[in-house]
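Read the figures in this text as sums done on the coordinates, not as results from a lab. Everything quoted here is computed from the prediction, not taken from an experiment. Every residue, glycine among them, receives a Cβ derived from its backbone with ideal geometry; neighbour counts consider all protein chains shown.
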Amino acid sequence: MEEERQPKWEGKTSVEIASVKPEQAWPCIEDFCNIHKWFPSIDACYKLEGEPGKPGLIRYCVSTIVPLSLDGTDDQKSTTTTTTTKWAKEKLLMIDPIQRCLSYEVIDNNFGFNSYVATSKVLPINGGGCKIEWSYVADPIEGWSQEEETQPKWEGKSMVELASVKAEQVWPCFDEDFCNLHKWFPGLDTCCQLQGQLGQPGLIRYSTTTEPLFPAVDDHEKTINWGKEKLLMIDPVQRCLSYEMLDNTFGFKSYVAIIKVLPINGDGKIGCKIEWSFVADPIDGKTLEDLASVIDYCLQFMAKKMEHAILQSGSV
């Protein structure tokens, strides 16, 4: 007896742009491995394999924002109703620059898709503008039709401004020194590279300390704590990176952070701002305020140490 199959989900959405020609809009769609430039909440997108503009090209996208539902609205029925790290690998199936259309499929992901195929088209309209169509066919996604109680994630952001150094001078302390965090992070004894390539997503570092992470609430007995962290995304042009905690003895069940180094007086000029945002599962015996306080203290400490080292080097 054949197993009963659920009907596929199918849909289409479109938008008209009166002031842009199809040949002007198409390169944005054709730029398959840079979807993060256009798609809301995508933190990074890059090529995994294949040739740009050819079927078989595979991109990897990562996001730390609540995913959108298939009709483009906030998904209030998703089992994931709070910020978390989501990723997808998508394969280009067909591309036609003459007709200005392409089709791709999700080949692996943690959004919950069993199958998902989409087609994007850029069409001319009367008056010289264009219309963009996005259609899809997908298997029903388990759990999207019913609410499920989840404990709210902890979210926060700390920032610090450095008036005496440039953004491009501070960025290497996070980029080049990803596996040398002990040079800047308070109380960290060691930090070393476990696997992966420097400056590339997938790089894993291992850090140890004998200092309590939460000195205000932890006892001060000297014990060795450690964490393994994986680089998820890095963008040297925008000077930002994202990493997640893979394993640790600090009490984190999940933890994802984004670091940004931003100019405050214009690129190339003195003055910058460091932002450190995080999303984490609640930690047993601690509060969000405990974690936010620790991150704020660490960022202030690191920023002062980085600024001092840069000024001492005389490179300003």
Revision key, fill the gap. The base-10 log of I(q)/I(0) that the Debye equation returns for the chain at q = 0.10 Å⁻¹, one scatterer per C-alpha, is -0.71
Revision key, fill the gap. Note to self, the chain gives a 222 nm [θ] from helices alone (DSSP H runs n ≥ 4, -39500 (n - 2.57) apiece, / all residues, nearest 500) of -4500 deg cm²/dmol
**Study point:** Computed lengthening from LEU288 to PHE250, 0.36 nm per intervening residue step minus Cα-Cα distance
**Key:** 12.2 nm
Study note, to complete from the structure: Ranking LEU92, PRO27, PHE301 by how far each Cα lies towards the positive end of the charge dipole of the chain (+1 on Lys and Arg Cβ, -1 on Asp and Glu Cβ), the top one is PRO27
Review point. Out of GLN300, GLN200, GLN24, any idea which swings most in a Gaussian network model of the chain, alpha carbons joined below 10 Å?
Key: GLN24
Check your understanding: Mind listing the phi-derived Karplus ³J(HN,Hα) values for the range 174-181, rounded to whole Hz, using 6.51, -1.76 and 1.60 with θ = phi - 60°, and x for any glycine or proline?
Key -> 9, 6, 5, 9, 4, 9, 10, 4
Practice item. Return the subset of LYS8/LYS121; LYS166/LYS253; LYS8/LYS47; LYS166/LYS304; LYS183/LYS304 for which the Cα-Cα distance in this structure is over 24 Å, preserving the input order. Key: LYS166/LYS253; LYS8/LYS47
Exercise for review: Quick one: net charge around LEU181, please, counting Lys, Arg +1 and Asp, Glu -1 for every other residue with C-beta under 13 Å from its C-beta.
Suggested key: -1
**Study point:** Dipole magnitude of the chain, debye to nearest 20 (Cβ charges: Lys/Arg +1, Asp/Glu -1, about Cα centre)
**Key:** 1100 debye
Exercise for review: Please report the relative contact order for the chain, taking Cα pairs under 8 Å with a sequence separation of at least 6, and give it as a percent rounded to a whole number.
Suggested key: 15 percent
**Study point:** Local electrostatic count at PRO236 - Lys and Arg +1, Asp and Glu -1, tallied over other residues with Cβ under 11 Å
**Key:** -3
Point to revise | Net dipole in debye of the range 154-313 [+1 Lys, Arg Cβ; -1 Asp, Glu Cβ; about Cα centre; nearest 20] | key: 440 debye
Point to revise | Positive-pole candidate from SER63, PHE185, GLY271, dipole of the chain, charges at beta carbon | key: GLY271
Check your understanding: Taking the simple approach of a point 7 Å from Cα along Cα-to-Cβ for both THR13 and LYS157, what is their distance in nm?
Key -> 2.3 nm
